[in-house]
Structure formats: structure tokens, C-alpha cells
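Below is one structure, written out as C-alpha cells; comments come after it.
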Amino acid sequence: LGLLFFTYSSFGQEKTMPSKILGEQRTILIHVPKGNERFPVLYLLDGASNFDRVVSTTEYLSAEGLCPSMIIVGIIHPDRNIDLVPSPENQFMSYLEKEVMPFIDSNYPTTKFKTLVGHSLGGLTVVNTLLHQPGLFNSYISLEAALWWENQKIVKEAKQVLPTSNYKGKTLFVAIANRMEKG
């Protein structure tokens, strides 16, 4: 992947690397829990604004025995309106699948279990990925998803795709609070 630049923060590392797929430098944040075992990986969209909060929450929950310790990978978006809006020409998920995930699996003690988490447009991306690339992650967490996008296009797609697809072994958690129009 070429040159890597990294710095450390109190929650993890910041790595910047070139993306051949996107044709630009991209930055990710990585938190690895203490321990000698392998960990599931949580891929967090909108990492710049949510990384610290998610790391501290998962660290607390794992210390209480309520969830496993996990590697957190926060994705930084130079323009979330490009990365997180589904379109045929959008290469963001290809970047995540073919560049970020192999990098993480090659350099950190990962298990095969992977979770995708997103909020708002990121939540829309989570639902879109579940519908069209269900094998990419084991679990999907969509928070306040922008399901209104393009006149609820993803909701209409879901009505067509869900009944004809196999989601065995997949989980989806959706949280929406007073954000949807009636009906």
C-alpha cells in the first residue's frame, strides 16, 4: 500500500495511506485492546466524530463482561456526502473491502468476525451494504439512518431484496428515534 504515516493518540493510532481504488490519501484510526488474543473488528463510519466515544464505550462494556474486547477501526471521510451516499460509481465500500480490511487483517490480531457501524448517512451505508454485500460483515449496526435519502430509495430496495436473499448468520440492529415521517 505504499508509505504509511502514523501518530498515536490516547485511544489508538492514526494511519494515513494511499488508496489506489479512491486515488487519494486516506486516514483511518485504529484501537487495539490490551491482550494477547485475537479480537473481532468493528468498522466505524464517521470515525473522526465517533471514534473516541465508541472506543470508550466498548472498553467499558467489555470490562463489565457485556461485550467482547474488539479492535475499532474508525474511517475518516474527506467528504461523507461522496463516501456514504450509495451510487453505482461510489467506490467507498470497495476501498473498505479491498484495502482497509486486508490491511487490518494483515497487521493486527483479528478474528473473522466483523461489524459495520454507521450513523445518519453512515447508517444508510450500513443498510445498503447489508442489502447488496451481506457477506462482507457478520453484523450491521445502523443508527438514525438517513432512510429518507432519494425518496426512501433504500427502503423500497429492501422490500424487494430482503424476501429473496439469505441473511442466515447475519444480525442487523437499527435504532431510530422520532426521525421517520408517519407511514
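The values are calculated or read from the model by the stated rules, or taken from the named source; none is laboratory data. This one's a predicted model, so the numbers in the text were calculated from it and none came from an experiment. All Cβ positions, glycine included, derive from the backbone under ideal geometry; neighbour counts span all protein chains shown. Each accessible area value is taken on the protein alone, full model and side chains, heavy atoms only, with ligands, DNA and RNA left out. Shrake-Rupley method; radii C 1.70, N 1.55, O 1.52, S 1.80 Å.
Checked against the criterion of being hydroxyl-bearing (S, T, Y), without any contact (Cβ under 8 Å) to a residue 60 or more places away in the chain, loosely packed, with under 13 Cβ neighbours inside 10 Å and not in a strand (DSSP E or B), the candidates S106, S62, S69 yield just one match: S106. When every residue of segment 83-103 is checked against the conditions, at least one turns out to be closer than 24 Å to T16 by Cα, at pLDDT 95 or above, under 18 Å from the mean Cα position of the chain (by Cα) and polar (S, T, N, Q).
Count of segment 72-103 residues, restricted to those that are surrounded by 15 or more Cβ atoms within 10 Å (Cβ to Cβ) and assigned to a helix (DSSP H, G or I), is 11.
Within segment 113-131, being more than 15 Å from T171 (Cβ to Cβ) and either surrounded by fewer than 23 Cβ atoms within 10 Å (Cβ to Cβ) or of a type in the set (S, T, Y) (or both) holds for H119, S120, L121, T125. Looking across segment 48-59 at every residue that is out of contact with any Gly (no Cβ under 8 Å at 6 or more places or on another chain) and small (G, A, S), the one that is surrounded by the fewest Cβ atoms within 10 Å (Cβ to Cβ) is identified as S56. When the criteria are applied in full, P134 meets the requirement of being open to solvent by 20 Å² or more (accessible area, probe 1.4 Å) and more than 27 Å from K34 (Cα to Cα). Just one of the listed residues (A175, A145) is touching a strand residue (DSSP E or B) at 6+ places or on another chain (Cβ under 9 Å), among the hydrophobic types (A, V, I, L, M, F, W, C), within 25 Å of R80 (Cα to Cα) and crowded, with 19+ Cβ neighbours inside 10 Å, namely A145.
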